[in-house]
Amino acid sequence: MEGERVKVLLGFTVPEGEPFYIPIHHTVITGMTNLSGKTTTVEAILHRSKSKALIFLTKRGEKHFPDTHQIPPFYKERFDWEYVRGLLEASMHERLKFETPWIIRISKKAHSLKEVRLLLGRLLTERKLREFDRNIYTLLAAYLDKVLPTLTKAKHKFTDTLHLKEGINVMDLTEWYTNEEVQMLVIQSCMEHILKYENNVIVALPEAWKLLPQSRNTPVKLYFEKFIREGAANNNYLIIDAQDLGGVDKSPLRQVSVWIMGKMMEANEVQRLLKQTLGLKIKPEEVQTLPLGHFLVAYGREVQKVYVWPYGIPKTIAVDVAKGNLNPEFVRDMLLKPIDKPSASIPQPLLNRLTELDEKIETLNKRVDSLDKTLAQLLTQKRGITKLQNIQLQKTFYNIKVTQTQKRFTLTDETVQGKIMWLAKEGFLNTWRSQTEIEKELTRRAWTIPRISVYKALKALVKQGFIGQRKTDRMQFKIAPNVRFTNE
Ligand SMILES: Nc1ncnc2c1ncn2[C@@H]1O[C@H](COP(=O)(O)OP(=O)(O)OP(=O)(O)O)[C@@H](O)[C@H]1O
Ligand SMILES: [Mg+2]
C-alpha cells in the first residue's frame with residue numbers, strides 16, 4: 001500500500017508497546033539537550049526510512065553515526081541582495097533594517113561578494129557621496145570585512161558538486177563551529193541543490209535556534225519556507241532539531257505536520273503552536289515529565305506517547321522500555337558502548353582512558369553549546385530578563401581567617417610619632433582628621449613641629465598599621481581599629 005511505504009516505524013506506544021509509525025513529512029523534534037534523545041531519534045528515523053538522507057554535524061562532540069557515508073561540504077555561491085542581507089544578518093547577529101536599500105543598490109551592480117566589497121571601496125572614495133550614504137557604506141564594508149576572510153579561507157575545503165549516496169550522508173561542518181555564516185551557506189546550498197535536482201531526500205537540520213532565529217534573517221531561514229512549501233511535491237522533507245522554541249521563528253514551523261516532543265521544561269510555546277496549527281491540546285506537565293527517549297508524537301488529530309526505538313538496539317528491548325519493564329538508561333548504556341570493534345593495536349587500558357576523555361569532552365562541549373545558546377538568546381532577546389529564571393546564581397562564601405599579631409609602640413613625647421600617638425590615646429584620632437587639624441592640635445599642646453616632620457611621622461604610623469589613611473578631597477587619618485592602649 002502506498003501509505004505504508006512512506007511510513008516509518010518510530011518506536012513503541014507507551015505503555016502498550018505497540019509499533020508506532022509516522023509518515024515521512026516535514027517534522028520538528030523538540031526536547032532538552034541530552035535528556036530527550038533528539039539526535040538518536042533522527043538517526044533512527046533516517047535509518048528505517050530507507051530514503052536518501054543528509055545530516056549535518058555542526059556541534060563539536062556530536063554523537064557518532066555508524067553505517068553512514070561521510071561526504072565533503074558542498075557550497076555553490078548564490079548571489080542576490082536577499083542572500084547578502086541574510087549572510088550579513090547571520091554573521092552580525094542582528095537585523096539590518098534601514099541598510100536594506102543600500103544592499104539592494106550595491107548588490108545589483110555586483111556578481112560576487114568580493115565584487116560588492118570592491119564596489120564599496122570605490123564608492124567610499126567618491127567625494128560627492130552624502131554623509132549619510134557614506135556612513136552606511138562604511139558599515140556594510142566593515143560587515144563584509146568580517147565575513148569575507150572566513151569564506152575565502154574555507155573555500156578550498158568545499159566541493160561544488162553534491163553526490164548523495166543511498167542511505168545516510170553525513171556532512172561534517174564542525175570545523176566552522178564558531179562561523180555560523182559558513183555553516184549556513186553550506187546548508188543552504190545543499191537545500192537548494194536538493195530542492196532543484198533530487199527526489200525522496202530527507203534533510204535533517206540541526207539547531208533551529210541558530211538557523212531560524214526569530215529576530216533576524218539567515219541564508220537558511222530565507223530558503224527554509226521555499227523548501228517547506230515546494231519540497232513535498234518531490235518528496236523532499238526536512239526534519240528540524242529544535243531544542244526548545246524560545247528564540248526560534250515560529251511562523252515557518254506552522255507548515256510542519258509531524259511534531260515529536262521530548263522532555264522540555266518550557267512547554268507553553270509548543271503547546272500554543274500545536275493548538276493553532278493542528279488544533280491539538282497537550283498539557284505542559286506531560287512534556288515536562290517525559291523520560292529519556294520518550295516523546296509525545298502529534299500528527300493529524302492524534303497525540304501519542306511513544307518510546308523511540310534507537311538504531312542498533314534489539315527490538316524486544318525497546319518494546320520492554322515502552323512497557324515500563326526496562327529503564328531507558330539501560331538502553332543508553334548499551335548505546336554508549338562503541339558499536340565498532342576497537343582496533344587490536346590499542347591497549348585496553350588506553351582505550352578505556354580515551355573513551356573516558358571523549359565522554360568528558362562531549363559533556364563539556366554540550367555545556368559550551370548550551371551556554372552559547374543562552375548567551376545568544378540573551379543578546380538577541382531584549383526581553384531576555386524573563387528567561388533569566390532558568391539561570392541559577394551560586395553564592396560562594398569565603399572564610400577569611402584573621403590572625404592577630406601584637407605590635408608594640410612605646411608612647412613618648414620625645415618623637416613626633418610618639419606625640420601623634422598621644423593625641424590618638426586621648427581619642428583625637430577616633431574620627432578622620434586632616435594633617436592640618438592634627439598640626440593644630442599639636443600646636444595647642446605647644447608641640448610646634450615642622451609640617452614635613454608631621455607628614456613623615458603620619459606616613460610611618462600608617463605604614464606600621466597604627467593609623468589608617470583615606471583620601472577624600474584631602475588626605476585624612478584615623479586610629480586603626482585594632483589598636484589598644486594598655487599600661488603594660
Ligand atoms: N531512545 C533512547 N533510549 C535510550 N537512550 C537514549 C535514547 N535516545 C537517546 N539516548 C541517549 O541519551 C543521550 C542523549 O541523546 P542524543 O544525543 O540523541 O540527545 P539530543 O536530544 O540530541 O541532545 P542534544 O540536544 O545535546 O543534541 C545519549 O547518550 C543517547 O545514547
Ligand atoms: Mg542532538
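Considering the Cα trace of the stretch 1-151, what is its radius of gyration and what is Dmax, both in angstroms?
Final numbers for Rg and Dmax: 23.4, 77 Å.
In whole angstrom, note down how far apart the Cα centers of the stretch 207-259 and the stretch 260-316 are.
18 Å
If you put +1 on each Lys and Arg Cβ and -1 on each Asp and Glu Cβ, how big is the dipole of the stretch 416-479 around its Cα centre, in Debye rounded to 20?
Dipole about the Cα centre, nearest 20: 140 debye.
Please name which of Leu119, Trp81, Ile103 has its Cα lying farthest along the dipole of the stretch 60-186 towards the positive end, using unit charges on Cβ (Lys, Arg +1; Asp, Glu -1) and the Cα centre as origin.
Checking the options against the dipole of the stretch 60-186, the answer is Leu119.
Would you work out if the stretch 115-248 is rounded, prolate or oblate? Take a ≥ b ≥ c from the square roots of the eigenvalues of the alpha-carbon gyration tensor; rounded if a/c is under 1.5, else prolate when a/b is larger than b/c, oblate otherwise.
Values: a/c = 2.24, a/b = 1.91, b/c = 1.17.
Prolate, since a/c reaches 1.5 and a/b exceeds b/c.
Given an 8 Å cut-off on Cα distances and at least 6 residues of separation, report the relative contact order of the stretch 416-479 as a percent. Show your work: numbers first, answer last.
Values: 62 pairs, mean separation 26.6, N = 64.
Dividing the mean separation by the residue count of the stretch 416-479 yields 42 percent.
Under a 1.4 Å probe, what is the accessible area of the chain per residue, stated in Å²?
Values: 27150 Å² over 488 residues.
So the chain comes to 56 Å² accessible per residue, rounded to a whole number.
Can you list residues whose amide H is under 5 Å from Gly11's amide H, if they're 5+ apart or on another chain and H is modeled 1.01 Å from N?
For Gly11, whose amide H was placed from the backbone, the distant partners under 5 Å are Phe20, Trp309.
Between Val368 and Leu129, what is the spin-label point distance in nm, taking each point 7 Å from the Cα along the Cα→C-beta axis?
3.8 nm
Which residue, chosen from Gly279, Trp176, Pro23, occupies the Cα position most advanced towards the positive end of the dipole of the chain, where the dipole is computed from +1 (Lys, Arg) and -1 (Asp, Glu) charges on Cβ about the Cα centre?
Trp176
Which residue, chosen from Asn34, Leu222, Phe485, occupies the Cα position most advanced towards the positive end of the dipole of the chain, where the dipole is computed from +1 (Lys, Arg) and -1 (Asp, Glu) charges on Cβ about the Cα centre?
The residue sitting most towards the positive pole is Phe485.
For the chain, what ratio Rg/Rh do Cα atoms give with a Kirkwood hydrodynamic radius?
With Rg and the Kirkwood Rh in hand, the quotient comes to 1.23.
For the stretch 1-110, which chymotrypsin sites (Phe, Trp or Tyr not before Pro) are both in a DSSP coil and crowded by at most 13 other Cβ atoms within 10 Å?
Phe79, Phe98
Read phi for every residue in the stretch 158-172 and hand back ³J(HN,Hα) as whole Hz from Karplus 6.51 cos²θ - 1.76 cosθ + 1.60, θ = phi - 60°, with x for Gly and Pro.
Along the stretch 158-172, the couplings run 8, 10, 9, 10, 10, 10, 8, 8, 4, x, 9, 9, 10, 10, 8 Hz.
Charges only on Cβ, +1 for Lys and Arg, -1 for Asp and Glu: so what's the dipole of the chain about the Cα centre, in debye to the nearest 20?
2420 debye
Can you list residues from other chains, or at least 5 along the same chain, whose modelled amide H is less than 5 Å from the amide H of Arg78?
Here nothing satisfies the definition.
Give me the count of lysine pairs in the stretch 416-479 whose alpha carbons sit under 19 angstrom apart, restricted to pairs 8 or more positions apart or on different chains.
Lysine pair count for the stretch 416-479: 18.
Summing Lys, Arg as +1 and Asp, Glu as -1, what charge do residues with Cβ under 14 Å from the Cβ of Asp145 carry, Asp145 excluded?
Net charge around Asp145: +3.
Determine which aspartates and glutamates satisfy two conditions relative to Lys283: a Cα distance under 15 Å, and not lying fewer than 8 residues away in the same chain.
Excluding near neighbours in sequence, the set is Glu266, Glu269, Glu302.
If you line up the long axis of helix 131-155 against the longest principal axis of the chain, both from Cα atoms, how many degrees apart are they, to the nearest 10?
Taking Cα atoms only, the helix is inclined about 70 degrees.
Which percent of the accessible heavy-atom area of the stretch 416-479 goes to carbon and sulfur, probe 1.4 angstrom?
Ligands and nucleic acids excluded, carbon and sulfur reach 52 percent.
If r is the Cβ-Cβ distance from Ala446 to Ala480 and R0 is 30 Å, what FRET efficiency results, to the nearest 0.05?
It comes out at approximately 0.65.
As a test of the formula, what do you get for the chain when each DSSP H run with n ≥ 4 contributes -39,500 (n - 2.57) and the sum is divided by the residue count, at 222 nm and rounded to the nearest 500 deg cm²/dmol?
Calculated from helices alone, the mean residue ellipticity at 222 nm is -13500 deg cm²/dmol.
For Asp172 and Leu326 in one chain, what is 0.36 nm times their gap in residues minus the Cα-Cα distance, to one decimal in nm?
Details: separation 154, 0.36 × 154 = 55.44 nm, distance 3.44 nm.
Difference between extended and current length: 52.0 nm.
In whole Hz, what ³J(HN,Hα) sequence does the stretch 234-248 give by Karplus (6.51, -1.76, 1.60; θ = phi - 60°), x for Gly and Pro?
Calculated HN-Hα couplings, in order: 10, 6, 9, 10, 10, 10, 10, 8, 10, 3, 8, 9, x, x, 9 Hz.
Excluding Ile479 itself, what net charge comes from residues whose Cβ is under 11 Å from its Cβ, given Lys and Arg +1 and Asp and Glu -1? Write out the running numbers ahead of the final one.
Details: positive: Lys425, Arg433, Lys478, Arg484; negative: Glu426.
Surrounding charge for Ile479 is +3.
For the stretch 103-183, place one equal point scatterer on every Cα, skip the solvent, and apply the Debye formula. What is log10 of I(q)/I(0) at q = 0.19 Å⁻¹?
-0.90
Roughly speaking, what % of Cα-Cα pairs in the stretch 235-329 are separated by over 19 Å, rounded to a whole number?
In whole percent, the long-distance tail amounts to 45.
What residues qualify as long-range amide H neighbours of Ile467, i.e. H under 5 Å apart, gap of 5 or more or another chain, H built at 1.01 Å from N?
For Ile467, whose amide H was placed from the backbone, the distant partners under 5 Å are Val462, Ala480.
Can you work out the Karplus-derived ³J(HN,Hα) for every residue in the stretch 324-332? Use 6.51 cos²θ - 1.76 cosθ + 1.60 with θ = phi - 60°, whole Hz, and x for glycine or proline.
Each residue's phi maps through the Karplus curve to give x, 8, 9, 7, x, 5, 5, 5, 4 Hz.
The values are calculated or read from the model by the stated rules, or taken from the named source; none is laboratory data. Since this is a predicted model, take the numbers as computed values, not measurements. For neighbour counting, all protein chains shown are included, and Cβ atoms are generated from backbone atoms with ideal geometry for every residue, glycine included. For the accessible areas, the whole protein counts, side chains as well, though only heavy atoms, and no ligand, DNA or RNA atoms are used. Shrake-Rupley method; radii C 1.70, N 1.55, O 1.52, S 1.80 Å.
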